[in-house]
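A.B. asks: Take this structure, written in structure tokens, and hold onto it; I'll ask about it next.
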Amino acid sequence: MELTMLWYLVPSVIMFICGVYGFITRHNLIAILLSLELMLNAADLNFVVFNRFLFPGAMEGMFFTLFSIGIAAAETAIAVAIVVNIYRAIGNTDINEIKKMRF
Amino acid sequence: MEMTLPILILAIPITMFLILGIGGVYMSKKMAGVLGILGMGVTMCIAYYVALTYFFSGDPAFIDAQGLRLQVPVFDWLWLAFTNALQVKLGFLLDPISAMMLIVITTISFMVHLYSWGYMEGEKGFQRFYAFLSLFSFSMLGLVVATNIFQMYIFWELVGVSSYLLIGFYYKLPSAVSASKKAFIVTRFADLGFLIGILILSFYCKTFDFIPITNDPTSVLASTGGATFMGASVLTWALVLIFVGGMGKSAMMPLHIWLPDAMEGPTPVSALIHAATMVVAGVYLVARMFPLYLIEEASLLFVTCVGAITAFYAAVVACCQIDIKRVLAFSTISQIAFMMVALGVARPELHDGFGYMASMFHLFTHAMFKALLFLGAGALIHAVHSNDYTAMGGLRKYMPITHWTFLIGCLAIAGIWPFSGFFSKDEMLAAMFANHWFWGAWMTMVAGLTAFYMFRLYYLIFWWEENPHYKEHKPHDAPWQMSLPLIILAAVSCVAGFIPFGEFVTWNRMPYHIHIELPVAATSLTVAILAIALATVMYRKKNPIPSRLKAAMPGLWQAAHRRFYWDEIYMFITHKIIFNIICKSIAWFDRHVIDATMDGFAKITQKTSFAIRGMQSGSIQTYIVWYFLGAVLLAGITWICIF
Amino acid sequence: MFSNFLIWFVIVPVLMLIGLGLCRNSSMKAIRTVMVVGSTILLAMSLWLCVDFLAQRAAGAADEMLFTGSWMWYEPLNIHLAVGVDGISVLMLILSSVIVFAGTFASWKIDPLPKNFFLWFTLLSTGVFGFFISIDMFTMFMFYEVALIPMYLLIGVWGTGRKEYSAMKLTLMLMGGSAFLMLGLFGIYWHSSADPNSLTWNILEISNNAAIDPGWQNYLFCLTFVGFGVLGAMFPFHTWSPDGHACAPTAVSMLHAGVLMKLGGYGCFRIAIFLLPQAANELAWFFIILTGISIVYGAFSACVQTDLKYINAYSSVSHCGMVLFAILMLNTTAMTGAILQMLSHGLMTALFFALIGMIYGRTHTRDIRQMGGLMKIMPYLGVCYMIAGFASLGLPGLSGFVAEMTIFFGSFEHADTFHRVFVIAATCSIVITAVYILRVVGKLLLGPVQDEHHLKLTDATWFERVATITLIVCIAAIGCFPNWINETIQHSFTPIIEVINQAANSGAMASVM
Amino acid sequence: MDQVGNIILYFVTALVIIVFSVMTVTSRKILRSATYLLFVLLATAVMYFQLGYQFLGAVQIAVYAGGIMVLFVFAILLTHRPNQDEQALTSHKRVLGITCSALGAILLLFALFTMPVCEGTTLCQALTDNNVDMNAIGTALLGTDKFQYLLPFEAVSVLLLACIIGGVVVARKR
């Protein structure tokens, strides 16, 4: 039994799908953000895996992931700030309660 | 002849119109009146000079060696060129009928100008009245001197408008407003026929000018190449349509309905426009185109029939009117119809087409005595302040001048020797008998009716029974400005019959010697005298015969009094059918179908966007579902396509 | 570039725009000064252009267009700013400047935001002038759009009644027309030359090149004719006109009915007929039916309206229908009539709308049932209204008569039954016109005074008199001395008639073979 | 590292990832969700180590597990009252979520299992002589040649700066 690329991609797919499920179903804004992190992480993993198995000599996948992590950090920081702000404004973080800016 | 004088005939009235129309508000009434009368007086003098020079100078420019009077286009300026061939010119055509009309129009117009000074005194808009009179005189003069049919159409429209303005002179009265509107629209409708007739005629002739058309009618016929439309030749159609224009202006059946209502205008206007000049424009038009009508006998027959029916109808209706101006209006219709019939029966082979001459002669004499009658009626109205004979009666003692002049007018129109109407009517009847006995007999009957209703009117106004109101308000004769025209016109009516008219105006412009046709003259005179006698019996003194007669035939009387319901029929067609059904449904269609379709496009767009607006819910979870499903779908499709 | 006289017709309005921009919002005096000076200059320029044009023609200048000039604007698509005028454009320029002049005086006391009003108004006139001087289809189209867009704001902000709805409707319908038009123009461009490297937007060059493929011509003709026809209020695309006019402020109604609707007719014949003659010959029948319907339909609709502006708008539908109808007759006389009718309708409708605006400004109603006897109260306006009415119903001596008669006589040159029937139907409109004009005149001006409050109203002020007299003088001038205009126009048709005849002959040849 | 050890390590990390991913999105206590996510992130870091990207693994732990998770926990604590659980899922939402994820999973897994490239190289082959050393990373991160990333690096740093300012501005009390 050899560890091929397939083995690493399967958990990544599941992680991603879980992220999708969570994104669609959760009510809490922070929970949605968590799901988002899951998806992002799955994608990062894929980059790394592809880099390792398909282009072992190059480092692009790794760097992409590296930057992706950096940007994820930035994004999370802003998102969290917004969530906190929303909470302050309406006292809730339920996505269904935030309708003011629709339409 | 020099060009300047004929130009002045047209230029003075239009200048007067502009001066009085624009500057009228800044001048006193007296000044406006003097200016108007002076202008018209000068015009009349020039017109007399021009016409008399034309008839009597013997200048080879006007009459050739054989005695043929020539058609002289004194000037002819290009106004508008449709194509190289079809050119509209404004000119001045001098020939027997236009010279005759110059005299008639300027005379009556001057009389009316003078008369109005007295009649309109104290009216608001006195200046405006004189301005419009000048405009009318200009248009009418332009009409009769037209060198081409399009110029005639131009002035034809202008007289229509001046008539509209003058009928609606008392514009605060709703009845005057609606009467003026009616007059304009009915004549406009007729003008549509005229216009289409001109379109057809000019399409084949390639010219508007009267001289080539009337001097060489056979080539016009040839140019149509025998084209026909619905069984009649196109030339017949053109002529009939042109005649329809004439029917409108001359108030022939069934387009007569505007004329009685036009009596809402001031009485001098009725005398000038709706008795003497404008309403004979139709006759003049047919006379102008006469050589062309001659080659299409069907169109002449049409003219005759329309004339004969109208003459009888109007005479019957005139017997049952209360308003004296309406009686005179119907009598005008009847007399013009007389002229039409006379034109219609004229043929070159019958005594050199003297029906034409008779018709023009009657036009001339009728203009004089009808203007007289109307002006007399104006004096009566001025005196008793009412249009109805019920407010009059026994006036002969109070208004002797009016009485005598009115009597002369009545005798003239009834055709009693030696008054002018006798001569012209005799000629017309002779022409009708010469064509067919039926026309002669029919029109003799109409002549009898004419005598009857005119004397009915005369007796009811001046005899019958003295109206009790005179005690409070004693009627008296009119001031000199009004009486003078009456006297002059009465004098003319007495002597005009002795003018040797045939020497001047005939259809082929060759002199023709009038001779009284004794049998016809005797018949018509007898009929007229009998009718007058009947009227004398019935109306000289107050007696119950008329009311008994009325009671005996209530339906007939009512029908005749209501003018055989023509107005109601027209009201029904125009108001109920055209206005309510056609116009309203078109307007409805426009708003609710066409516009609604356009709005519908907008609504559909809006509805669609509203419907798909829900997808832009702002709910990020919904977005991701759609996004994800879409991505899956795309990937799946790609997958399937690849493998 | 600036040595070309025509380009100043665009530069002067632009200078006016700048001048207005510099005025303070509240200073009516400065705004009026700019407008009056600018529009007077424009009027003087257009008159001078006419004189100069006639002088050059008399001196034997035989080119199709005079005062031509062309400057590259966008090379990859070969778009030029190309200008040039023939007799028709010269008259249209005069018409536009007269109406801009009169419109300035008619909106002397516009309220609110006078500065912004005149800014948009001037922008609109910039578009109009630019359209009439252009001979490059692209710049023509651009100026056309420049003229359309300000309409929306002018109606939406300064209008009355359901102004938002009307402004939206008018703009959308005209934009829809422009969409067709744009497709048509692009199509003409792509087929403008056999050589794909020398495609051109220039009208003169296109007409000199080999004819466009007949199959394409039919499509392009429909597109361009409908596109311009919408602006010319062709049935069934006329419904923006009643609502739009009814809600527009006075000067905008004047400019719109007076000039903007003329862009439609002008474009129809300058582009649709001139560049696509074969299709014009083939498809004229269809559009004759539509325009024939317009004429009668508009007149009948006008008979039952009670709002003064609606009456006029429907009457415009009828009269503008006459313009397109005459253009489709494809002969010199009728087309001359069409141009005369454009001038005549432009002037008299502008007069009408100016007067309606003035009356509305006093009585605050446009419903004829609530007014009456105004002749007594405001004789000057009453007389002017009557003159406008008489011009509209075709009284000789005023412009309408000349135009209509030229159209009828020109149209009657076609001897077949189809044309005859439609010409006779069109002539019927003169009666219907008389009916609705007299109905309005009777109800509005004559008769007893309906409303006691109206007795206190005043007659025209001096600036209103300036506006109306300008228009009346022009109407009477055309009506009394039509022939010089006729001659100015007629020569301009020679090239158009030539291409049409060629197309007709080649069409006949094709059908024979 | 021998093969068996690799396989065992793989299965452990894979299992952790799968189980805790599912628990992250299903747990109704938000703080627990965050904790489960932390485990997933850590397992991912292990996977990076296993694939020979030690630096990346370290960054993953330091930034993700260390930084971001702390942020999350702060945010949760700031926005949550005690014992406030997320409400139960509506069936509509669950069905929607399950459908979407099932469809996605089927498609992706189907793709994976039919792609021959996935079965190509083994981990051992891939790892041979291909360790990424810090020197190379440092050079690549601060160079301006091809395949060198100074510009993105600086861009990210600016982004982070902006983010700091933005975070302060957004969350500032007014």
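A.B. asks: Determine which single condition D:Tyr36 fails, assuming it passes every other condition in (1) more than 7 Å from every other protein chain (Cβ to nearest Cβ); (2) over 25 Å from A:Phe67 (Cα atoms); (3) free of Cβ contacts under 8 Å to residues at least 24 places away in the same chain.
C.D. replies: Looking at each condition in turn, D:Tyr36 falls short on (2).
A.B. asks: Condition first: within 23 Å of D:Ala58 (Cβ to Cβ) and part of a loop (DSSP other than H, G, I, E, B). Now tell me which residues in the stretch D:116-174 satisfy that.
C.D. replies: D:Thr128, D:Asp129, D:Asn130, D:Asn131, D:Val132, D:Asp133, D:Leu142, D:Gly143, D:Phe147, D:Gln148, D:Tyr149, listed by residue number.
A.B. asks: Would you pick out the residues in the stretch B:176-212 that are more than 10 Å from chain C (Cβ to nearest Cβ), hydrophobic (A, V, I, L, M, F, W, C), out of contact with any Ser or Thr (no Cβ under 7 Å at 6 or more places or on another chain) and under 25 Å from B:Asp76 (Cα atoms)?
C.D. replies: B:Phe194, B:Leu201, B:Ile211
A.B. asks: Of B:Ile620, B:Ile577, B:Ile573, which residue is within 12 Å of another protein chain (Cβ to nearest Cβ) and either at pLDDT below 85 or within 29 Å of the chain's Cα centre (by Cα) (or both)?
C.D. replies: Every option except B:Ile620 fails the conditions.
A.B. asks: Go through the residues of the stretch B:582-595 one by one and say whether even a single one is of a type in the set (Ser, Thr, Tyr) and within 14 Å of chain A (Cβ to nearest Cβ).
C.D. replies: Kept after step one, since they are of a type in the set (Ser, Thr, Tyr), are these residues of the stretch B:582-595: B:585.
Those left that are additionally within 14 Å of chain A (Cβ to nearest Cβ): none.
No, every residue in the stretch B:582-595 fails to be of a type in the set (Ser, Thr, Tyr) and within 14 Å of chain A (Cβ to nearest Cβ).
A.B. asks: Continuing with this model, one more query. Check whether at least one residue in the stretch C:347-363 is among the charged types (D, E, K, R) and within 14 Å of chain B (Cβ to nearest Cβ), and report yes or no.
C.D. replies: Residues of the stretch C:347-363 among the charged types (D, E, K, R): C:362.
Those left that are additionally within 14 Å of chain B (Cβ to nearest Cβ): none.
No, the stretch C:347-363 contains no residue that is among the charged types (D, E, K, R) and within 14 Å of chain B (Cβ to nearest Cβ).
A.B. asks: Could you tell me which numbered condition C:Met65 fails, if it satisfies all but one of (1) in contact with an Asp or Glu (Cβ under 7 Å, 6 or more places away or on another chain); (2) free of Cβ contacts under 8 Å to residues at least 60 places away in the same chain; (3) of a type outside the set (Phe, Trp, Tyr)?
C.D. replies: (2) is the only condition that C:Met65 fails.
A.B. asks: If you don't mind, there's one more thing I want to ask. Name the single residue that is surrounded by the fewest Cβ atoms within 10 Å (Cβ to Cβ) among those in the stretch D:138-152 being at the interface with another protein chain (Cβ under 8 Å from one of its Cβ atoms) and among the hydrophobic types (A, V, I, L, M, F, W, C).
C.D. replies: Step one: list which residues in the stretch D:138-152 are at the interface with another protein chain (Cβ under 8 Å from one of its Cβ atoms), which gives D:140-141, D:147, D:149, D:152.
So of that shortlist, the ones also among the hydrophobic types (A, V, I, L, M, F, W, C) come out as D:140-141, D:147.
Values: D:Ala140: 20, D:Leu141: 17, D:Phe147: 10.
Once the filter is applied, the top-ranked residue is D:Phe147.
A.B. asks: Related question: Restricting attention to the stretch C:206-237, report how many residues are assigned to a helix (DSSP H, G or I), crowded, with 19+ Cβ neighbours inside 10 Å and not aliphatic (A, V, I, L, M). Before you say what the answer is, go through the steps one by one.
C.D. replies: From the stretch C:206-237, those assigned to a helix (DSSP H, G or I) are C:206-208, C:214-231; that's our starting set.
Next cut, crowded, with 19+ Cβ neighbours inside 10 Å only: C:206, C:217, C:220-231.
Add one more test, that the residue is not aliphatic (A, V, I, L, M), and what stays is C:217, C:221-222, C:224-225, C:227-229.
Here the count works out to 8.
A.B. asks: Those residues that are surrounded by fewer than 23 Cβ atoms within 10 Å (Cβ to Cβ) and either touching a helix residue (DSSP H, G or I) at 6+ places or on another chain (Cβ under 9 Å) or facing chain A (nearest Cβ under 8 Å) (or both), I need them from the stretch D:52-66; list them, please. Before the answer, list the steps.
C.D. replies: In the first step, residues of the stretch D:52-66 are kept if they are surrounded by fewer than 23 Cβ atoms within 10 Å (Cβ to Cβ); the result is D:52, D:54-55, D:57-59, D:61-63, D:65-66.
Hits for the stretch D:52-66 are D:Gly52, D:Gln54, D:Phe55, D:Gly57, D:Ala58, D:Val59, D:Ile61, D:Val63, D:Ala65.
Quick grid of which residues meet (1) buried (at least 24 other Cβ atoms within 10 Å of the Cβ); (2) of a type in the set (D, E, K, R); (3) at pLDDT below 85; (4) closer than 20 Å to B:Trp442 by Cα:
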| position | (1), (2), (3), (4) |
| --- | --- |
| B:Leu328 | yes, no, no, no |
| B:Ala342 | yes, no, no, yes |
| B:Glu349 | no, yes, yes, no |
| B:Tyr356 | yes, no, no, yes |
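A.B. asks: Also, quick follow-up: Filter the stretch C:190-205 down to the residues that are of a type outside the set (Ser, Thr, Tyr) and buried (at least 17 other Cβ atoms within 10 Å of the Cβ), then identify the one that is farthest from C:Ser70 (Cα to Cα).
C.D. replies: If we filter the stretch C:190-205 for residues that are of a type outside the set (Ser, Thr, Tyr), which is where we start, we get C:190-191, C:194-197, C:199, C:201-205.
From what's left, buried (at least 17 other Cβ atoms within 10 Å of the Cβ): C:191, C:199, C:201-205.
Working: C:His191: 21, C:Leu199: 16, C:Trp201: 11, C:Asn202: 9, C:Ile203: 12, C:Leu204: 12, C:Glu205: 12 Å.
The selected residue is C:His191.
A.B. asks: Turning to a different aspect of this structure: Scan the stretch C:437-462 residue by residue and report those that are under 29 Å from the mean Cα position of the chain (by Cα) and either crowded, with 16+ Cβ neighbours inside 10 Å or closer than 11 Å to C:Cys384 by Cβ (or both).
C.D. replies: In the first step, residues of the stretch C:437-462 are kept if they are under 29 Å from the mean Cα position of the chain (by Cα); the result is C:437-445, C:460-462.
Of everything in the stretch C:437-462, those that are under 29 Å from the mean Cα position of the chain (by Cα) and either crowded, with 16+ Cβ neighbours inside 10 Å or closer than 11 Å to C:Cys384 by Cβ (or both) turn out to be C:Ile437, C:Leu438, C:Arg439, C:Val440, C:Val441, C:Gly442, C:Lys443, C:Leu444, C:Leu445, C:Ala460.
A.B. asks: Counting just the residues of the stretch B:75-103 that are surrounded by fewer than 21 Cβ atoms within 10 Å (Cβ to Cβ) and of a type in the set (Val, Ile, Thr), which one comes out farthest from B:Ile46 (Cα to Cα)?
C.D. replies: Among those residues, the one meeting the criterion is B:Thr83.
A.B. asks: Evaluate the stretch B:219-229: report whether one residue or more is more than 9 Å from chain C (Cβ to nearest Cβ) and crowded, with 21+ Cβ neighbours inside 10 Å.
C.D. replies: yes
A.B. asks: Could you run through the stretch A:34-48 and say how many residues are more than 7 Å from chain D (Cβ to nearest Cβ) and either closer than 23 Å to D:Cys100 by Cα or crowded, with 24+ Cβ neighbours inside 10 Å (or both)? It would help to see each step written out before you state the result.
C.D. replies: Taking the stretch A:34-48 as the starting set, the residues that turn out to be more than 7 Å from chain D (Cβ to nearest Cβ) are A:36, A:39-40, A:42-44, A:46-47.
Subsequent filtering for residues that are either closer than 23 Å to D:Cys100 by Cα or crowded, with 24+ Cβ neighbours inside 10 Å (or both) retains A:36, A:39-40, A:42-44, A:46.
Adding up the residues that qualify gives 7.
A.B. asks: Can you tell me how many residues within the stretch B:606-631 are in contact with a Cys (Cβ under 6 Å, 6 or more places away or on another chain) and of a type in the set (Ser, Thr, Tyr)?
C.D. replies: 0
A.B. asks: Another question, if that's okay. Does C:Ile188 meet the test of being away from chain B (no Cβ under 14 Å) and in contact with a Cys (Cβ under 8 Å, 6 or more places away or on another chain)? Working first, answer last.
C.D. replies: Working: away from chain B (no Cβ under 14 Å): yes; in contact with a Cys (Cβ under 8 Å, 6 or more places away or on another chain): no.
For C:Ile188, the condition - away from chain B (no Cβ under 14 Å) and in contact with a Cys (Cβ under 8 Å, 6 or more places away or on another chain) - is not met.
Rundown of residues vs (1) more than 60 Å from the chain's Cα centre (by Cα); (2) surrounded by 10 or more Cβ atoms within 10 Å (Cβ to Cβ), yes/no style:
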site	(1), (2)
B:Asp595	no, yes
B:Asp599	no, yes
B:Lys603	no, yes
B:Gln606	no, yes
B:Ile612	yes, no
B:Tyr627	yes, yes
B:Ala631	yes, yes
B:Trp639	yes, yes
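A.B. asks: Output the helices (runs of 4 or more DSSP H) that fall wholly within the stretch B:466-570 and possess 2 or more residues being among the small types (Gly, Ala, Ser) and closer than 30 Å to B:Ile108 by Cβ, or say none.
C.D. replies: Working: elements: B:480-495, B:518-539, B:545-552, B:554-561.
Here the list reads B:480-495, B:518-539.
A.B. asks: Could I ask something else about it? Anything in the stretch B:18-31 that is surrounded by fewer than 24 Cβ atoms within 10 Å (Cβ to Cβ) and either part of a helix (DSSP H, G or I) or among the polar types (S, T, N, Q) (or both)? List them, or say none.
C.D. replies: Kept after step one, since they are surrounded by fewer than 24 Cβ atoms within 10 Å (Cβ to Cβ), are these residues of the stretch B:18-31: B:18-19, B:21-31.
Hits for the stretch B:18-31 are B:Leu18, B:Ile19, B:Gly21, B:Ile22, B:Gly23, B:Gly24, B:Val25, B:Tyr26, B:Ser28, B:Lys29, B:Lys30, B:Met31.
A.B. asks: Still on this structure: Take the conditions among the aromatic types (Phe, Trp, Tyr), surrounded by fewer than 16 Cβ atoms within 10 Å (Cβ to Cβ) and in a helix (DSSP H, G or I) and apply them to B:Trp588. Does it pass? Break it down stepwise before answering.
C.D. replies: On the way: among the aromatic types (Phe, Trp, Tyr): yes; surrounded by fewer than 16 Cβ atoms within 10 Å (Cβ to Cβ): yes; in a helix (DSSP H, G or I): yes.
Against the criterion (among the aromatic types (Phe, Trp, Tyr), surrounded by fewer than 16 Cβ atoms within 10 Å (Cβ to Cβ) and in a helix (DSSP H, G or I)), B:Trp588 qualifies.
A.B. asks: Residues being over 30 Å from B:Trp258 (Cα atoms) and in contact (Cβ under 8 Å) with a residue 24 or more places away in the chain: count how many of those fall in the stretch B:200-231.
C.D. replies: Quick first cut of the stretch B:200-231, residues over 30 Å from B:Trp258 (Cα atoms) only: B:203-207, B:209, B:211-231.
Then keep just the ones that are in contact (Cβ under 8 Å) with a residue 24 or more places away in the chain; that gives B:204, B:206-207, B:209, B:211, B:213-215, B:217-218, B:220-221.
Here the count works out to 12.
A.B. asks: Could you tell me whether the stretch D:9-26 includes any residue that is touching a residue at least 12 places away in the same chain (Cβ under 8 Å), closer than 20 Å to D:Thr79 by Cα and surrounded by fewer than 22 Cβ atoms within 10 Å (Cβ to Cβ)?
C.D. replies: no
A.B. asks: A further question on this structure: (1) buried (at least 23 other Cβ atoms within 10 Å of the Cβ); (2) among the polar types (S, T, N, Q); (3) part of a loop (DSSP other than H, G, I, E, B): which one isn't true of B:Thr106, the others all being true?
C.D. replies: (3)
A.B. asks: Residues B:Leu165, B:Leu195: which one is touching a Phe, Trp or Tyr at 6+ places or on another chain (Cβ under 6 Å) and touching a residue at least 24 places away in the same chain (Cβ under 8 Å)? So that I can check it myself, show each step before the final result.
C.D. replies: Values: B:Leu195 fails: touching a Phe, Trp or Tyr at 6+ places or on another chain (Cβ under 6 Å).
Within the list B:Leu165, B:Leu195, the selection yields B:Leu165.
The values are calculated or read from the model by the stated rules, or taken from the named source; none is laboratory data. Keep in mind the model is a prediction, meaning the values are calculated, not measured. FYI the Cβ positions are ideal-geometry reconstructions off the backbone, even for glycines, and counts take in every protein chain you see.
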